[in-house]
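The values are calculated or read from the model by the stated rules, or taken from the named source; none is laboratory data. Note that the structure is predicted; figures quoted are calculated from it, not measured. Counting neighbours? That spans all protein chains shown, and the Cβs are built from the backbone with ideal geometry, glycine included. Just the protein is used for accessible areas: all its heavy atoms, side chains included, with ligands, DNA and RNA removed. Shrake-Rupley method; radii C 1.70, N 1.55, O 1.52, S 1.80 Å.
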Amino acid sequence: MRAQFKSGFTLVEFLIYIAIVSTMVVAATEIIIITLRQNIKLEAMAEVAQNTRLFMGRMNLAVNNAMAVTAPIAGATSTRLNLQMAEPSINPTIFTLQSGRVYLKEGTAVTTTLTADEVYVDGYFYNITPLVAPGVVMIQANVRASSTGQQMEYLFNQWVSSTAVVRYRL
């Protein structure tokens, strides 16, 4: 009599197959989650860097083109920077740090926001004129990504500092 073999898998073979496939699915899921978290962090870093470049560049340019710094007074710090400009349409130019945003008002124009909702800015302007030379302003700010959650990929901040000099000559 001849033994007949049935084709198919044994229970042990099937369980080994399921274990291998499950391990591969879990590994692939972890890789995707890590990649997404890194992408979120990179987006937060880019948002902070872009907003920082924008408002620091606008402030430095405005101070460079100003006739004088009228606030803060010499030797003082403030969250408001007032600049006396030569052009009447943008005189005075006022930068304000308020509620985590940087605002710009030029002359009688409407106040505009220089930072996006995705970032929070706190810092100050320091008029260091008596210490260095007339019309020197130090701008310092801590810029961080705004987040409603407390996950680590959202927690990114950058401390920035810049010094601008009034270059306007009559």
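The label point for Ala71 and the one for Ile20, both projected 7 Å from the Cα toward the Cβ, are 7.4 nm apart.
Model label points for Asn157 and Thr111, set 7 angstrom from Cα along the Cα-to-Cβ axis, are 2.3 nm apart.
Annotation: amide H of Gln158 within the under-5 Å range of Val143, Arg144, sequence separation 5 or more or interchain, hydrogens built in the peptide plane.
Ordering Val160, Asn82, Thr112 by Cα displacement along the dipole of the chain toward the positive end leaves Val160 in first place; charges were set at the Cβ atoms of Lys, Arg (+1) and Asp, Glu (-1). On the chain, 60 percent of the accessible area sits on carbon and sulfur atoms, based on a 1.4 Å probe. Extension gain, Val165 to Asn64, is 35.8 nm, computed as 0.36 nm per intervening residue step minus the present C-alpha separation. With a Förster radius of 35 Å applied to the C-beta separation of Ser7 and Glu43, the computed FRET efficiency comes to 0.10. Quick one: pull the percentage of alpha-carbon pairs in the chain with a separation above 18 Å. Across the chain, Cα pairs with separations above 18 Å total 68 percent. Here the contact order of the chain, divided by its residue count and restricted to Cα pairs under 8 Å and six or more residues apart, works out to 21 percent.
Considering the stretch 38-104, its Cα convex hull presents a mean projected area of 5.5 nm². Given Cβ point charges of +1 (Lys, Arg) and -1 (Asp, Glu) and nothing else, what value in debye, to the nearest 20, does the dipole of the chain about its Cα centre take? It works out to roughly 160 debye.
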